[in-house]
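K.L.:
Let me give you the structure first, and then I'll get to my questions.
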């Protein structure tokens, strides 16, 4: 039952993030939305990768091999990587947002329609 | 040493990239030489791998952290747990394309990108792009596939906005990074669906145990659509013109190759993960094939019509990049549709040729589009603008650039004897036997392509000599000319001897995607 709420939370987070990416017009808010989306994906991945009642994947410590359920560390390693990547992405995108604001005096993507030849 | 080449091809540029700022302390020429040496050594390693692959015939497997690189299954286990690299014909085909394109872009940018304190970052990021592309193409593991895709996205979006003082450069980088981040998040959901069912990230293992449940089909959508988005197929193409036009010219040439690496992901996942079923259960291949064909035809047609109305030379070329991606999707899509037909007669008759044409077009596109973007860099250098209406008479001054542009423009329109013709004729002939209307659309798009490049040629190269509009009046650096010369030579050589390329590179690539057919 607890897993059900985890799935529900992650799907709600993903949906909320996606909706905000699609409907928000502010460059910074889109970055925040992206972070919400990534949090949802991370939570979903961790939940799907966990086996309730599983042991650590060390063979010498396993009680018996029959019906053994192990929690491999790979999904958690992947999610750690994704958190770090998400950090890099956020930093880079905020830099771009600041520079865009400096050049165009606006944060609103409606005023930034298309890149024009500006030489 | 020779058996460790697969991982060395990825780690050598990775370590070299972060050594460069230290080498730069001595002299910037030392850094340039070191970077050139590292990229050249990657090219040599990829060629050595290709030779070894053709000698052994079977895909090369490299297992990291095992007692010997060939030991796939550790003792007592019946599933692989270690990180694996697997190199087949298609991987090596793509790796060769990426390595050559990055080498030429780097040579071009040695003098083209001005030497300032930020040039270190430029070199590091370009080498990281190479790492991302090679890792993506060599890995046999969804975990690493994801990580290398992110390395590629972050480094290329940082390079897109390298000239950050321009008005819209950071915004183009923002757009590209946003698209990449959303795409990779959804790719991760697809990977999660696989992991939850089969407990592994290994593509080869997953391919053996896949049961084509509903969740697998959802996962296919979650994985193929984001990659098609990063490759710039039509409904998800809005980032392409902005990113391609705002990036410096050599970066754009490398970006074309980066988009092809995402296209590699589309083909790799739909064949090596979902295709060639081991069990009787299988996916409806007609649907997947038709989705790829529709994406391809839309990309071709919408891309070229959007290109016709552009006045900005780099945006025009970027829309053509979308349009040419359509040819690859069309060729491979036709192969996918007829692939599972009973008896395999249709596949043997024209499906395989269509796939060969589509895959051959990837390499051709990377080279002639790279050449065209490099010539556009010279135009921007001379006139200080990307607006075609403000350019004229460049043929009087830069004869070699003009010749290179003509070669690229004729190659992209599929005129013999350039390489675009070799792959397009394969696509036309085989697609015609599948559905004449699709082949006619493809030919019509080629005509429109030629028309819009005639516009560029007429606008920028012909006309009277006008010294007033020239911004920089120095002769081109030798490295710039050399880089364009290399691409020009490749475009011509691959058009004159397509048989050899098809035999030694494209046929193994198709065999790598569809083993045994």
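The values are calculated or read from the model by the stated rules, or taken from the named source; none is laboratory data. Predicted model, so just to flag it, every value in this text is computed and none were measured. Please note: Cβ atoms are built from the backbone with ideal geometry, for glycine as well, and neighbour counts cover all protein chains shown.
K.L.:
Give the number of residues within the range A:21-62 that are within 11 Å of another protein chain (Cβ to nearest Cβ), at pLDDT below 80 and in a helix (DSSP H, G or I).
P.N.:
Number satisfying all stated conditions: 1.
K.L.:
For the range B:50-69: of the residues being in contact (Cβ under 8 Å) with a residue 40 or more places away in the chain and surrounded by fewer than 16 Cβ atoms within 10 Å (Cβ to Cβ), which is farthest from residue B:4 (Cα to Cα)? Walk me through how you get there before you give the answer.
P.N.:
Going residue by residue through the range B:50-69, those that are in contact (Cβ under 8 Å) with a residue 40 or more places away in the chain are B:50, B:52-54, B:59-62, B:64, B:69.
When the remaining residues are screened for being surrounded by fewer than 16 Cβ atoms within 10 Å (Cβ to Cβ), the result is B:54, B:64.
Values: B:54: 17, B:64: 10 Å.
Ranking the candidates gives B:54 first.
K.L.:
Please work out if residue A:84 is within 10 Å of another protein chain (Cβ to nearest Cβ), farther than 20 Å from residue B:182 by Cα and either surrounded by 15 or more Cβ atoms within 10 Å (Cβ to Cβ) or modelled with pLDDT of 90 or more (or both).
P.N.:
no
K.L.:
Scan (1) over 30 Å from residue B:50 (Cα atoms); (2) part of a loop (DSSP other than H, G, I, E, B) for the single condition residue B:515 breaks and write down its number.
P.N.:
Tallying (1) over 30 Å from residue B:50 (Cα atoms); (2) part of a loop (DSSP other than H, G, I, E, B), residue B:515 fails exactly one: (1).
K.L.:
Okay, moving on. Which residue is surrounded by the most Cβ atoms within 10 Å (Cβ to Cβ), if the candidates are limited to the range B:167-194 and must be more than 7 Å from chain A (Cβ to nearest Cβ) and in contact (Cβ under 8 Å) with a residue 60 or more places away in the chain?
P.N.:
It comes out as B:176.
K.L.:
Okay, next question. Considering only the range B:133-155, state which residues are under 18 Å from residue A:94 (Cβ atoms) and more than 7 Å from chain A (Cβ to nearest Cβ).
P.N.:
B:153, B:155, listed by residue number.
K.L.:
In the range A:1-19, what residues are in contact with a helix residue (DSSP H, G or I) (Cβ under 9 Å, 6 or more places away or on another chain) and surrounded by fewer than 18 Cβ atoms within 10 Å (Cβ to Cβ)? Don't jump to the end; show me each part of the working.
P.N.:
First, pick out the residues of the range A:1-19 that are in contact with a helix residue (DSSP H, G or I) (Cβ under 9 Å, 6 or more places away or on another chain): A:3, A:6-7, A:9-19.
Answer for the range A:1-19, where residues must be in contact with a helix residue (DSSP H, G or I) (Cβ under 9 Å, 6 or more places away or on another chain) and surrounded by fewer than 18 Cβ atoms within 10 Å (Cβ to Cβ): A:3, A:6, A:7, A:9, A:11, A:12, A:15, A:16, A:19.
K.L.:
Looking at B:252, B:213, which is the one that is over 18 Å from residue B:326 (Cβ atoms), touching a residue at least 24 places away in the same chain (Cβ under 8 Å) and touching a helix residue (DSSP H, G or I) at 6+ places or on another chain (Cβ under 9 Å)?
P.N.:
Checking each option against the conditions leaves just B:252.
Residue-by-condition table, conditions (1) assigned to a helix (DSSP H, G or I); (2) modelled with pLDDT of 85 or more; (3) buried (at least 18 other Cβ atoms within 10 Å of the Cβ):
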{"position": "B:275", "(1), (2), (3)": "no, no, yes"}
{"position": "B:278", "(1), (2), (3)": "no, no, no"}
{"position": "B:289", "(1), (2), (3)": "yes, no, yes"}
{"position": "B:292", "(1), (2), (3)": "yes, yes, yes"}
{"position": "B:298", "(1), (2), (3)": "yes, yes, no"}
{"position": "B:303", "(1), (2), (3)": "yes, yes, yes"}
{"position": "B:306", "(1), (2), (3)": "yes, yes, yes"}
{"position": "B:310", "(1), (2), (3)": "no, yes, yes"}
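K.L.:
Would you confirm whether any residue within the range B:7-17 is in a helix (DSSP H, G or I), in contact with a strand residue (DSSP E or B) (Cβ under 9 Å, 6 or more places away or on another chain) and touching a residue at least 60 places away in the same chain (Cβ under 8 Å)?
P.N.:
yes
K.L.:
Looking at (1) in contact (Cβ under 8 Å) with a residue 24 or more places away in the chain; (2) under 20 Å from residue B:253 (Cβ atoms); (3) part of a helix (DSSP H, G or I), which is the one condition that is false for residue B:476?
P.N.:
Unmet condition: (3).
K.L.:
For the range B:457-465, indicate whether the set of residues that are closer than 27 Å to residue B:250 by Cα, free of Cβ contacts under 8 Å to residues at least 60 places away in the same chain and surrounded by 15 or more Cβ atoms within 10 Å (Cβ to Cβ) is non-empty.
P.N.:
yes
K.L.:
Sticking with this one: Just to be sure before I move on: is residue B:37 loosely packed, with under 13 Cβ neighbours inside 10 Å and under 24 Å from residue B:162 (Cα atoms) in the structure I sent?
P.N.:
Judged against the criteria, residue B:37 is a match.
K.L.:
Here is a follow-up. Taking the conditions exactly as written (in contact (Cβ under 8 Å) with a residue 60 or more places away in the chain, more than 14 Å from chain A (Cβ to nearest Cβ), under 19 Å from the mean Cα position of the chain (by Cα) and at negative phi), does residue B:370 satisfy them or not? If you could, list the steps in order and put the result at the bottom.
P.N.:
On the way: in contact (Cβ under 8 Å) with a residue 60 or more places away in the chain: yes; more than 14 Å from chain A (Cβ to nearest Cβ): yes; under 19 Å from the mean Cα position of the chain (by Cα): yes; at negative phi: yes.
Considered against the rule, which asks whether it is in contact (Cβ under 8 Å) with a residue 60 or more places away in the chain, more than 14 Å from chain A (Cβ to nearest Cβ), under 19 Å from the mean Cα position of the chain (by Cα) and at negative phi, residue B:370 comes out as yes.
K.L.:
If a residue has to be in a helix (DSSP H, G or I) and over 17 Å from residue B:388 (Cα atoms) to count, how many in the range B:434-464 make the cut? Let's see the steps before the verdict.
P.N.:
As a first pass, look at the range B:434-464 and keep what is in a helix (DSSP H, G or I): B:434, B:436-461.
From the residues that got through so far, the ones that are over 17 Å from residue B:388 (Cα atoms) too are B:434, B:436-448.
Within the range B:434-464, residues that are in a helix (DSSP H, G or I) and over 17 Å from residue B:388 (Cα atoms) number 14.
K.L.:
Also, quick follow-up: Considering only the range B:340-358, state which residues are surrounded by fewer than 24 Cβ atoms within 10 Å (Cβ to Cβ) and in a helix (DSSP H, G or I). I'd like the intermediate steps shown before the answer.
P.N.:
Going through the range B:340-358, the residues surrounded by fewer than 24 Cβ atoms within 10 Å (Cβ to Cβ) turn out to be B:340-350, B:352-353, B:356.
Answer for the range B:340-358, where residues must be surrounded by fewer than 24 Cβ atoms within 10 Å (Cβ to Cβ) and in a helix (DSSP H, G or I): B:342, B:343, B:344, B:345, B:346, B:347, B:348, B:349, B:350, B:352, B:353, B:356.
K.L.:
On the basis of being more than 9 Å from chain B (Cβ to nearest Cβ), surrounded by 12 or more Cβ atoms within 10 Å (Cβ to Cβ) and modelled with pLDDT under 90, does residue A:106 make the cut?
P.N.:
Yes; evaluated as a whole, the condition is true for this residue.
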